[in-house]
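Below is one structure, written out as structure tokens, with a few remarks after it.
A short reminder: the numbers here are calculations on the coordinates, not readings from a lab. Just so it is clear, the model here is predicted, and its values are computed rather than measured. Glycine also receives a Cβ, built like all others from the backbone with ideal geometry; neighbour counts cover every protein chain displayed.
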Amino acid sequence: MPIQVKICDTPDDVARAAASEIAGLVRQKPDAVLGLATGSTPVKTYAELVRMNQEGLSFSRLTTFNLDEYWGLDGTHPQSYRFFMNHAFFAGTDIQLWNTHVPNGTAVDADLECEAFETRIRACGGVDLWLLGIGRNGHIAFNEPGSAPDSRTRLVDLTKSTIAANSRFFERVDDVPKQALTAGIATICEAKRIILLATGKDKARVVARAVQGVPHSSCPASFLQTHSDCTFILDREAASEVSAAFNS
């Protein structure tokens, strides 16, 4: 089934649309399992979900899994993804922290940590909805170009372009970790639903490649075309190079 494309006027509208989809799932299934992303794009979505929670939509029965974590950073490091999620989302809601799962970037054994992450997802019955972003080189989570569609959670090397893009969050580019733990493409695609968010003109070309191009490891997000229920929620700038045939 082709990727469905929903175009919103502004990034704020993208956030509201994504939050509305998640809220709808939570109302239907209060004990849903959510897959979550970090980065700048979903911040407004998390803020909207915090607002909904404070207005009465309970998240207390949810279980969450985050896509990735920098290898070598523990959860108290300000640039770790556990730290990000705690402050951008979890702390402002009634989510039970013991039901939130972020890969452990300082685990003794990376392979065992990755296996445990996959096992926890299976033990919860799988992910109901996974929220994604997309990198300028087409990566989803830290599945960089060259990642296989059957990849599972693993330790990966980050590309120079990803390190450069993420350096804005660190004092120096040399401070950016060179490796990360990431859910694999197959892990992500086993979710029942997938929603990918993208905003801004700088994402337009890669979004079009992911939606319209032949699925290929050179653009890992293009493998989402094989999923039965995947929607890209875009602002007009990010959607500017997508064919009108895909617009809804």
Lysines whose Cα lies under 24 Å from that of K29, excluding same-chain neighbours fewer than 8 positions away: K6, K44, K192
Can you say what percent of the DSSP beta bridges in the chain, counting only those with both residues inside, are antiparallel? Round to 5. 30 percent
So what's the back-of-envelope 222 nm ellipticity for the chain, counting only DSSP H runs of four-plus at -39500 (n - 2.57) apiece and dividing by all residues, rounded to 500? -9000 deg cm²/dmol
Of the GluC sites (Glu not before Pro) in region 9-109, which ones lie in a loop per DSSP and count no more than 16 other C-beta atoms within 10 Å? E55
Listed residues A107, T45, V214: farthest to the positive end of the dipole of the chain (Cβ charges): V214
Give the separation of the Cα centroids, region 20-62 to region 118-173, in Å. 21 Å
Please report W98, W130, W71 as a ranked list, fewest other C-beta atoms within 10 angstrom at the top and most at the bottom. W98, W71, W130
For the chain, the spread of Cα positions along each principal axis, largest first, Å: 48, 43, 35
